[in-house]
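The values are calculated or read from the model by the stated rules, or taken from the named source; none is laboratory data. Owing to the predicted nature of the structure, the values given are computational and were not obtained by experimental measurement. Every residue, glycine among them, receives a Cβ derived from its backbone with ideal geometry; neighbour counts consider all protein chains shown.
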Amino acid sequence: MEVLMINTVPRVGRKGEIKKVAEGFARNYLFPRNYAIPATEGARNHLNLMKNSWEKQAAREKQAFVDMAGKIEGLVLKLTRKAGDKGRLFGSVTSTELAEEINKLAGVNIDKKLVVADHIKETGEHSVTIRFTGDVKAHLKVVISAEEKQD
């Protein structure tokens, strides 16, 4: 059965493509979730109108991502955590914590899934990338310092 993809589905197809899939998969998975519609002649004609709309929406989203990346680019986050004598942290700094700090400092609302960083487990300076889309990225520094011990 041929379907017109109206949303991107990993390992199946991207938005706007016409794909051949099993009838049961289309009827039970793609259609109820609004990922695809049957590829009728009317749907094929309607595809051109939809593509124009999708392109405009993608351009607006990309511009919003570029604006957010401009606010984040070159930012320096300074965090203080408990650490041992050799600079190892008790725990780690996760992408969730980094996203929250960026949201507070830059005033933009980013999702933790956009933060590309391993769990930071040592004090010092670390480089973090925020990947909005394939070509829109922002780089920032995270400086982790150890809490001073109180005797």
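Among the residues of the range 116-138, the ones that are small (Gly, Ala, Ser) and under 24 Å from Arg88 (Cα atoms) come to 3 in all. Per the listing Ala69, Ala99, Ala26, the residue uniquely touching a helix residue (DSSP H, G or I) at 6+ places or on another chain (Cβ under 7 Å) and in a helix (DSSP H, G or I) is Ala99.
Here Glu73 fulfils each of the conditions (1) more than 29 Å from Asn7 (Cβ to Cβ); (2) surrounded by 18 or more Cβ atoms within 10 Å (Cβ to Cβ); (3) touching a residue at least 40 places away in the same chain (Cβ under 8 Å); (4) within 20 Å of the chain's Cα centre (by Cα) apart from (2).
Checked against the criterion of being among the basic types (Lys, Arg), surrounded by 13 or more Cβ atoms within 10 Å (Cβ to Cβ), free of Cβ contacts under 8 Å to residues at least 60 places away in the same chain and under 17 Å from Val93 (Cβ atoms), the candidates Lys112, Lys141 yield just one match: Lys112.
For Lys104, state whether it is surrounded by fewer than 13 Cβ atoms within 10 Å (Cβ to Cβ), outside any helix (DSSP H, G or I) and either among the polar types (S, T, N, Q) or in the same structural domain as Thr129 (by TED's automatic domain parsing) (or both).
On the way: surrounded by fewer than 13 Cβ atoms within 10 Å (Cβ to Cβ): yes; outside any helix (DSSP H, G or I): no; either among the polar types (S, T, N, Q) or in the same structural domain as Thr129 (by TED's automatic domain parsing) (or both): yes.
For Lys104, the condition - surrounded by fewer than 13 Cβ atoms within 10 Å (Cβ to Cβ), outside any helix (DSSP H, G or I) and either among the polar types (S, T, N, Q) or in the same structural domain as Thr129 (by TED's automatic domain parsing) (or both) - is not met.
If you go through the range 60-97 and keep only what is closer than 19 Å to Ile130 by Cα, of a type in the set (Gly, Ala, Ser) and out of contact with any strand residue (DSSP E or B) (no Cβ under 6 Å at 6 or more places or on another chain), you end up with Ala64, Gly70, Gly74.
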